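Take a look at the structure set out below.
The values are calculated or read from the model by the stated rules, or taken from the named source; none is laboratory data. Being a predicted model, the structure only gives us computed values, none of them experimental. Glycine gets a Cβ as well: all are built from the backbone with ideal geometry, and neighbour counts include every protein chain shown.
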Amino acid sequence: MKTLGNLIRQLIDIPSVTGSEAELAGFVEKTLEDRGFQVTRQEVQADRYNVYARSDGRPKVVLCTHLDTVPPFYGSSEDERYIYGRGACDAKGCLAAMLEAATRLRGEGANGLGLLFVVGEEVDSIGAKIANRLQPGSQYVLVGEPTESRMASGHKGTFGFVLRARGRAAHSAYPHLGDSAIERLLGTLERIRQADWGQSQLLGPATVNVGTLSGGLAANVIAPEARADVLVRVVGKASEAEAKLRGQLRLPAPFQDEHMAKIAAPKTEKAAATKEKAAATVTAAPPARSRAGASWR
C-alpha cells in the first residue's frame, strides 16, 4: 500500500488542471512503457493527448479515467488515514489504482488488458470524444470516478446553456425610462429553477445549478445587459430536456426550430462512457423597448 500511496502523491503533485495535462500525460506514458505495456499517444489538441495502453492485442477490458482536474491546483499531503490534494479523489486515486491493478494482473500473466487515460473530462470531455475513434475497441470499459467505492451502472447527463438578457439603460432615479435586463433574467432563472426536470428511480431527481450570474453597470443605473451560465444534470430523454427549456424560455413559435443541436442524454449501462454538452443558439422576438436572447451549449 505504501507503493500505491507514493504513486498517488506523485500524480497529485503534477498539476493537470484542464487544458494543462501534458506533463501528467507524459509521466503516465513513461510509467506504462517502463512496466511493459504497448503505449499509444492519441492527439486531441496541440500539447494535449490521451494515453492508451495495451498488454497485448485487442483488449477485453479497458480501465479508463481522466487526467485533468478542476482548478485550483494544490499539492499532496497525508495523515495516518487519508491522502489529500487536488485530484486525490477525482480522479488521480483512480488513476493510480488502475496503474497498479493492471501491472499486477499483467505480472500474473493476464492478457486482454487495456488502459485509457483521457484529457478534458472536467470541461467538455473532448478526450473521451476523440477516444471513441480508437482501434481496436474492447468488450468492456470500467470507468474510474468517485462513487464511494460502489459500482455505478449509470449517471446523470449534462445540459448546459447560457441566458442573455438585454434591456435599456437609464438613471435609477427615472426607472420608467429604462428596462432592467437583470430583472428579466432573474424572472427566467426562477422559472427554470422551479421547473420539474424529471426524476429517475436509479439516479434521483434532475438538478439545476446557476453557476455564474453577471450584468449591469452600476448600482444607480438600470441594467442594460445580464448573463447567466446554467447547468442541468438531466435524468430523462434529451428531447424532454430540450422541450422543457424552450417552454421555460417562452420562445415564440417562429423561433422554435432555429439552430438546433444535440443535447447530452443521461448515461446508462449501454450508453457510451462520454459526456457531451449541447450547443445551439436561439433568439427570442424582442419585446417593446428591449431585447432578450438566450443560447445553450
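Here is how the numbers come out for the structure above:
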{"quantity": "Among the residues listed as Gly144, Gly87, the single one being at positive phi and in contact with a strand residue (DSSP E or B) (Cβ under 6 Å, 6 or more places away or on another chain)", "calculated": "Gly87"}
{"quantity": "Answer from Val141, Val51 - the residue that is under 24 Å from the mean Cα position of the chain (by Cα) and at pLDDT below 95", "calculated": "Val141"}
{"quantity": "Yes/no for Thr212 being touching a residue at least 60 places away in the same chain (Cβ under 8 Å) and either in contact with a helix residue (DSSP H, G or I) (Cβ under 9 Å, 6 or more places away or on another chain) or not in a helix (DSSP H, G or I) (or both)", "calculated": "no"}
{"quantity": "Strands (runs of 3 or more DSSP E) lying entirely in region 86-179 (those with 3 or more residues that are over 19 Å from Val44 (Cβ atoms) and in contact (Cβ under 8 Å) with a residue 24 or more places away in the chain)", "calculated": "157-166"}
{"quantity": "Matching residues, region 11-30, being touching a Ser or Thr at 6+ places or on another chain (Cβ under 7 Å), closer than 18 Å to Gly127 by Cα and hydrophobic (A, V, I, L, M, F, W, C)", "calculated": "Val17, Leu24"}
{"quantity": "Subset of region 215-247 that is closer than 19 Å to Thr188 by Cα, part of a helix (DSSP H, G or I) and not aliphatic (A, V, I, L, M) - its residue that is nearest to the chain's Cα centre (by Cα)", "calculated": "Glu242"}
{"quantity": "Any hit, region 80-87, residues being crowded, with 21+ Cβ neighbours inside 10 Å and under 17 Å from the mean Cα position of the chain (by Cα)", "calculated": "yes"}
{"quantity": "Lone qualifier among Glu29, Glu21, Glu33 - being modelled with pLDDT of 95 or more and either within 20 Å of the chain's Cα centre (by Cα) or of a type in the set (Ser, Thr, Tyr) (or both)", "calculated": "Glu21"}
{"quantity": "Within region 217-244, considering residues that are more than 18 Å from Val162 (Cα to Cα) and among the charged types (D, E, K, R), the one surrounded by the fewest Cβ atoms within 10 Å (Cβ to Cβ)", "calculated": "Lys237"}
{"quantity": "Every residue from region 1-48 that is assigned to a helix (DSSP H, G or I) and among the small types (Gly, Ala, Ser)", "calculated": "Gly5, Ala22, Ala25, Gly26"}
